[in-house]
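Working notes, structure below.
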Amino acid sequence: MALIIEDGTGKSDAESYASAEDLALYAVKFGVAIPADVPAQEALLRRAALAMDGMTWKGRKMNSEQGLSWPRKEVLLDQEIKPDNYLPARIQYGQMALAAEIHQDDIDPVEKRKGAITLERVEGAVTREYATIPNTSGRLLPAAPGRPSATQFADYLQKRGLFAVRA
């Protein structure tokens, strides 16, 4: 089934900001792995769009009936309010980066993943030790903290970077 692409009008049945063809071009351009078949590419884009819907974006939806989080109104960026039908290119690129990250998580074996750095000592040579990633829950953990999609989305999220939460 073909993806229904958001075009900036706030379609109620939109499923993605990018097409499978866009994702394939992105994968070639940035050297990322994605499935070869179009239905699997479309499924990745749908999964990425669902993950994006869980993010807290600037502004608010253009209308309450739209299928995806974008387009939005009242988006303040670089001290300028963007038009109500504003659909940034970085949202599309971010979705494609996120789809590639999801695919990498799907194919990356858990035993090859590295946890957070727990020890780093510099004395001539660098020693780095990683936490082990337990897989007792049966759920896979995200592969790497360095995610290109996070960079694409940074300007459009309510909060960016690190922030402290008081307990």
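The residues of segment 54-73 that are exposed (fewer than 12 other Cβ atoms within 10 Å of the Cβ) and either in contact with an Asp or Glu (Cβ under 9 Å, 6 or more places away or on another chain) or more than 23 Å from ILE102 (Cα to Cα) (or both), listed by number, are SER64, GLU65.
Of all the numbered requirements in (1) modelled with pLDDT under 95; (2) within 26 Å of MET1 (Cβ to Cβ); (3) β-branched (Val, Ile, Thr), VAL75 misses one, and that requirement is (2). Look through ALA51, ALA27, ALA18 and report the one residue that is surrounded by fewer than 20 Cβ atoms within 10 Å (Cβ to Cβ) and under 13 Å from the mean Cα position of the chain (by Cα). Exactly one residue qualifies, and that residue is ALA51.
Quick check: anything in segment 79-90 within 22 Å of PRO148 (Cα to Cα) and in contact with a helix residue (DSSP H, G or I) (Cβ under 6 Å, 6 or more places away or on another chain)? Within segment 79-90, one or more residues are within 22 Å of PRO148 (Cα to Cα) and in contact with a helix residue (DSSP H, G or I) (Cβ under 6 Å, 6 or more places away or on another chain).
Taking the options ILE34, ILE81, name whichever one is crowded, with 20+ Cβ neighbours inside 10 Å and among the hydrophobic types (A, V, I, L, M, F, W, C). I'd like the intermediate steps shown before the answer.
Numbers: ILE81 fails: crowded, with 20+ Cβ neighbours inside 10 Å.
Just a single option satisfies the conditions, and that option is ILE34.
Scanning segment 58-83 for residues that are over 19 Å from the mean Cα position of the chain (by Cα) and closer than 14 Å to LYS11 by Cα yields a total of 5. Six or more apart or on different chains, Cβ atoms under 6 Å: show the pairs whose first residue is in segment 95-110 and closer than 15 Å to ALA150 by Cα and in a helix (DSSP H, G or I) and whose second is of a type in the set (D, E, K, R) and at pLDDT below 90. These pairs meet every condition: GLU101/ARG147.
THR127 meets the conditions (1) crowded, with 19+ Cβ neighbours inside 10 Å; (2) among the β-branched types (Val, Ile, Thr); (3) assigned to a strand (DSSP E or B) in every case but one. The failed one is (1).
Does segment 85-94 contain any residue that is more than 16 Å from the chain's Cα centre (by Cα), assigned to a loop (DSSP other than H, G, I, E, B) and surrounded by 15 or more Cβ atoms within 10 Å (Cβ to Cβ)?
Going through segment 85-94, the residues more than 16 Å from the chain's Cα centre (by Cα) turn out to be 85-86.
After this cut, where a residue has to be assigned to a loop (DSSP other than H, G, I, E, B) as well, the list is 85.
Checking the rest, the ones that are also surrounded by 15 or more Cβ atoms within 10 Å (Cβ to Cβ) come to none.
No, because not a single residue in segment 85-94 is more than 16 Å from the chain's Cα centre (by Cα), assigned to a loop (DSSP other than H, G, I, E, B) and surrounded by 15 or more Cβ atoms within 10 Å (Cβ to Cβ).
The residues on offer are GLN66, GLN41, and the sole one that is polar (S, T, N, Q) and outside any loop (DSSP other than H, G, I, E, B) is GLN41.
The values are calculated or read from the model by the stated rules, or taken from the named source; none is laboratory data. The model shown is predicted, which means the values in this text are computed figures rather than measured ones. Backbone-built Cβ (ideal geometry, glycine too); neighbour counts: all protein chains shown.
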